[in-house]
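Worksheet: one structure, shown below.
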Amino acid sequence: MDATPLQLTPELVEDPVRGYADLRSRAGLGHAVLPGLDTPVRLITRYEDARAALIEPRLIRDRSAVPGGSDMPDPQAELLAQGIEGFPEEYLQYLSGHLALFDGDEHTRRRNPLTRAFTARRVSALRPFVERAARELIAGLAEREQADLLGEFAYPLSTAVICELVGVDAADQDRVCEWIRDFAYGDGSRITEGLAGIVEYTRDLVARRRAEPTDDLVSALLADGGMSDDEIVTVFFLLINTGITPPALFLAHGLLALLDHPEQLRRLHDEPELLARAVPELLRYVTLVRIGATLYATEDFEFAGSPLRKGEAVTVALFGANHDPTAFEGPERLDVSREFGRGDGHLAFGHGPHYCIGAALGRLVTGVVLDELLVRRQAPALAVDRADVRFGHWPGDGFHLLSLPVRL
């Protein structure tokens, strides 16, 4: 291990070009300590190295599958211990089934039914619902002197979309959305009540959809037959954890980025045909999931110019990779007309076997929001001084908005 692991503070993570410059300049892979943690990890910050790591079969997600086990330091264990502290034991199975933590055949078994159910047709069919929900939220907030685009727009919109996708009945959506808010993004005081409410409701929903299928995700998963009932409940939590908080925060951070670049905001408003380019550029520029899941070496081997030991922990700085000056011209510059090559051209949705299942839905929702909020009407304005916009910090991942007060 190099003598001085880089201590990544939230402030360093907030500056993806200069904050990672020291690690990028090293010949191999440097060691870093992620914000809020104590355990060092090999951190990949260069774009091409990151893409290679995400498809490297000798780097796996499940530490227990390292041949012979591992006694190497494990930042993921430290992070997970913080994340599940205080949860009732009977519900932990639904929180530990995250697809990001599985590899190979088990990952394929869990992912394939969801991939088959998450069709382009099903995602496309959500567009009218997303447009209607966004317009209704905007209309309500526009009547107010000030509104919070994170808490009162992005979170409710993301939650409503997931409820619609899964198949929560219209009469139940308000109640289920309350449980989701308590669990996923409330003040933490009712997190257990939210967790229990979601589990019991989803169990009941699975039973009802088995008896009377509809055109929703739960019915599709039951028809596929590749998942147990408990695994379908786990899918709902996967969608809550990955389909609500990260997209909501991305929308708020993306809108703030455009407010910080008024010339780009004006251009998008005047040239709505640029929406198709602006969405991937905002995904690259913001990269809400800034640090990827921890990977473990299954054997001793050399990667990106560094010898890795069996069981050693490696992770990808997705935010840093998406701002690598060798991969992007002027990566610190937001450019809504930026052209990308084949594929995404960025790593905001990951790469390889663990590529985000909800990427198409994320692109759809982002496009709708930019259209409804910035193109079809005058853009909102910050209701506070830029220096007074409040940020919080997550262990292992750095900074995120706490609110985005605007005038509509």
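Bear in mind that the values in this text are calculations on the coordinates, not laboratory data. Worth saying up front: this structure is predicted, and the values here are computed from it rather than measured. So basically every Cβ, Gly included, is an ideal-geometry build from the backbone, and we count neighbours across all protein chains shown.
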> Mean Kyte-Doolittle of at least -1.0 and a Cα length of 24 Å or more along the axis: which whole DSSP H helices of the chain meet both?
Replying inline: 191-211
> Looking only at ARG26, ARG111, ARG63, which one moves most when the chain is put into a Gaussian network model with springs between Cα atoms under 10 Å?
Replying inline: ARG26
> When a footprinting reagent is the concern and you count Cβ atoms within 10 Å, what order do ILE162, ILE357 take, fewest first?
Replying inline: ILE357, ILE162
> Is the chain rounded, prolate or oblate when judged by the Cα gyration tensor, a ≥ b ≥ c being the square roots of its eigenvalues, rounded requiring a/c under 1.5 and prolate requiring a/b larger than b/c?
Replying inline: oblate
>> Between VAL389, VAL316, VAL166, where does the largest GNM mean-square fluctuation fall for the chain, given springs only between Cα atoms within less than 10 Å?
In response: VAL389
>> Can you find, among THR234, PRO247, ALA278, the residue sitting farthest towards the positive end of the charge dipole of segment 6-407, where Lys and Arg contribute +1 and Asp and Glu -1 at Cβ?
In response: ALA278
> For the chain, what is the percent of antiparallel DSSP beta bridges, rounded to the nearest 5?
Replying inline: 80 percent
> Between segment 15-38 and segment 95-159, what's the alpha-carbon centroid distance in Å?
Replying inline: 31 Å
>> How far apart, in nanometres, would the label points at ALA125 and GLU299 be if each is projected 7 angstrom from Cα along the Cα-to-Cβ direction?
In response: 4.6 nm
> So which GluC sites (Glu not before Pro) in segment 308-380 are both in a DSSP loop and have at most 14 other Cβ atoms within 10 Å of their Cβ?
Replying inline: GLU329, GLU332, GLU339
